[in-house]
Amino acid sequence: MFFSIIIPLYNRPQEINELLYTLTAQTYTQFEVLVIEDGSVDDAKAVVASYTNKLDIHYYVKPNEGQGFARNYGFGKAKGDYFIVFDSDCLIPENYLDTVKNYLYEHHLDAYGGPDGAHASFTPIQRAISYSMTSPFTTGGIRGNKKGIGQFHPRSFNMGISREVWEKTGGYIITRLGEDIEFSIRIHKRGFKIGLIPDAKVYHKRRTNFTSFFKQLHFFGRARINIYKFFPSELKLVHFFPAGFTLWLITTIIVNLLRWPFAMVFNAFFAVYFLLIFFHSWSKNKSVKIAFLSIIASFIQLTAYGLGFMEDLWKRVIIKKS
């Protein structure tokens, strides 16, 4: 089996360097790498060129259209039997391709996704963000999980599709705002088999500070409404959880400012909830500092997603603004 690894890139030369370095250590070597520079100002041409003698690597430059269409561009250039998509801020374990190859030989999948986690080199904030994005106490609990809710939808930081899927679906039809979930839903609807490969794990750096993390999750909340506009039945009760959390938070602030006698009920909810996050993160990361930061990251994840979700729910669904 020959893999084509497609990596869209926008102004991240340092990140792609770290990702490409991990690919040089793969135990399975039947693969090519396609880096699609999506209209970057700070390009990675020199970085990619430094791997010419280490990888079967190809570098393409195109006008900026967003990551979805950059991946489509890569699919059109790829030679492999199976296409794998990574985000540029991922690090890939050396046995990743071997794991995928062996799983696909034993279990036929037209498309797959894998989980993500924190690498030992990550900063405490990155590890806290990784925790919040994979925790059972946040919406992260439904991603990359054997016990996920409903159909499994691979996310494009760690996703693979067969050549047949690309040829019959045409790839991404939107380039941002939930493009990977929309693509996964169409793959399902075409009758292809999608599954999780639990051991095909990557280390996903995500954001390096809480400000950029807030912006990213606000975008994710808006993306969920964008997916709803394509597939109304895909909006589940669980997707309202961050909005409910945010409204509960606002109510808690109000009842405390007004000094209502039952404010302690609202306060108790947050006390218990954040204690659960603290001790769960502590048990997983073996760090009190990361456990405290995990509370902040989880708080940001839920409120940012909730605000983005409610913003576009109001604009695009309730008042039907284009």
Task: Count - residues of region 217-237 that are over 22 Å from ILE187 (Cα atoms), surrounded by fewer than 19 Cβ atoms within 10 Å (Cβ to Cβ) and under 19 Å from the mean Cα position of the chain (by Cα) - done: 1
Task: TRP260, sole failed condition from (1) part of a loop (DSSP other than H, G, I, E, B); (2) surrounded by 19 or more Cβ atoms within 10 Å (Cβ to Cβ) - done: (2)
Open item on the list: Going by what's in this entry, would PHE157 be described as under 12 Å from the mean Cα position of the chain (by Cα) and modelled with pLDDT of 90 or more?
Closed with: yes
- [ ] Identify the residue in region 172-204 that is touching a strand residue (DSSP E or B) at 6+ places or on another chain (Cβ under 9 Å) and assigned to a helix (DSSP H, G or I) and, among all such residues, is surrounded by the most Cβ atoms within 10 Å (Cβ to Cβ).
- [x] PHE183
Task: All positions within region 32-83 that are in a helix (DSSP H, G or I) and either among the charged types (D, E, K, R) or surrounded by fewer than 14 Cβ atoms within 10 Å (Cβ to Cβ) (or both) - done: LYS45, ALA46, ALA49, ARG71, GLY76, LYS77
TODO: Look at region 124-142 and say how many of its residues are at pLDDT 95 or above and surrounded by fewer than 17 Cβ atoms within 10 Å (Cβ to Cβ).
DONE: 1
Open item on the list: Looking at region 278-289, can you tell me whether even one residue there is aliphatic (A, V, I, L, M), part of a helix (DSSP H, G or I) and touching a helix residue (DSSP H, G or I) at 6+ places or on another chain (Cβ under 6 Å)?
Closed with: no
Open item on the list: Tell me the residue from LEU91, LEU55, LEU97 that is farther than 15 Å from LYS201 by Cα and in contact (Cβ under 8 Å) with a residue 12 or more places away in the chain, please.
Closed with: LEU55
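The values are calculated or read from the model by the stated rules, or taken from the named source; none is laboratory data. Values in this document were obtained by computation on a predicted structure and should not be read as measured data. Neighbour counts are summed over all protein chains in view; Cβ atoms, including those assigned to glycine, are modelled from backbone coordinates with ideal geometry.
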